[in-house]
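Asker: One structure is given below, represented as structure tokens, and several questions about it will come after.
Derivation of every value follows stated rules applied to the coordinates shown; laboratory data play no part. The structure displayed is predicted, hence computed values, not measured ones. Positions of Cβ are generated from backbone atoms using ideal geometry, with glycine treated the same way; all protein chains shown enter the neighbour counts.
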Ligand code: NAD
């Protein structure tokens, strides 16, 4: 029996729909297992820009910092595309991650047996990987600007990684691998980038502390190819912010749809940010067709990592798996002969299985 204070950031686009599904699931978990989840809502992203003229008001950020954990839908939308960089909804996301010191983003991509035919890869099986993406460093946080150059105005973004930044994300990856199949694939571009040279040196130095874990280096271009060729060869994949952002979307397609991939952004405390890896999907927003599974599984990761409620997390994972095994499909997972459920109906089905 526990009491947990969760800040919910519904955000933009499909964010409010999918977070509402995850909240319903958490409430049911609370009722079934005797926990109390208190939900406090925080306005961030485009919704905050519309209301306050800025994407991350101090009060919204403070709610995140004061809670036990944060559940986020997604932010962004085409109506904000022409805003100056500081006002863009995505700034809220980077701001919350940075302020909470969430340096490790865990993105599991596991193929559900029921979705083998939805997966665009032929003969897909045994896909179970965990992308560990560095989240608050690298090119997304480096010096950036626009200046005059030889070819006219030029934009620049600096990619930089310090040894300690690489060390902490690598330790996280090795420790997670110890609890899984004991293999870490470190992805870089060490044949071209100085940043990657430091990255690779640190990974190998730190590896000496984890002799039970197998380590391999793969260049990012080869990694893109290998993920499509045979994703079952990977266990834990550790990489920087930019490569991790791109490769985890690719990993999502290996298991069927971006609509089922959760993520946890964590640090050395128990307070973290839990969110689907997808964005605000503006073209399907408000139509009750978004897949809520990625956000529901993000809530499950919160139960496990933030609140140490593994039994409850497993119950949620099993409820999702049973729904898929029984043929429940949202539009992104549509299969011939199976009816297509809306966001709310898929959530109802999962709740019934809990
Ligand atoms: P997206 O992830 O929103 O959508 C990519 C594709 O996947 C679209 O076809 C969309 O319809 C589909 N999709 C996404 N989530 C789905 C779900 N739950 N169910 C069914 N289909 C789903 O990426 P995008 O189109 O590149 O970006 C849209 C907006 O989201 C942009 O403003 C972008 O900046 C923002 N974004 C936000 C986050 C975040 O908040 N973490 C992440 C990525 C993109």
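Asker: How many percent of Cα pairs in the range 120-254 exceed 19 Å?
Answerer: Distances greater than 19 Å cover 52 percent of the Cα pairs.
Asker: Given the -39500 (n - 2.57) contribution per DSSP H run of 4+ residues, what per-residue ellipticity at 222 nm results for the chain, rounded to the nearest 500 deg cm²/dmol?
Answerer: On the way: 11 runs with 140 residues, N = 354.
Helix contribution divided over all residues of the chain: -12500 deg cm²/dmol.
Asker: Output the peptides 81-89, 297-305, 239-247 sorted from most to least packed, where packing is the average of other Cβ atoms within 10 Å over each peptide's residues.
Answerer: 297-305, 239-247, 81-89
Asker: Computed from the mean reciprocal separation of all distinct C-alpha pairs, what Kirkwood hydrodynamic radius does the range 260-344 have, in Å?
Answerer: About 13.9 Å for the range 260-344.
Asker: Another question about this same structure. Packing-wise, with mean Cβ within 10 Å as the measure, how do 180-193, 208-221, 142-155, 52-65 rank, highest first?
Answerer: Packing order, densest peptide first, comes out as 180-193, 52-65, 208-221, 142-155.
Asker: Averaging over all projection directions, find the projected area of the Cα convex hull of the chain and quote it in nm² with one decimal place. Show your work: numbers first, answer last.
Answerer: Working: hull surface 73.3 nm².
Mean projected area of the Cα convex hull: 18.3 nm².
Asker: What whole number of Å gives the distance from the Cα centroid of the range 22-47 to the Cα centroid of the range 155-231?
Answerer: Here the two parts' Cα centres lie 35 Å apart.
Asker: Further question: Order 97-109, 269-281 from most to least packed using the mean count of other Cβ atoms within 10 Å.
Answerer: The packing order, highest mean first, is 269-281, 97-109.
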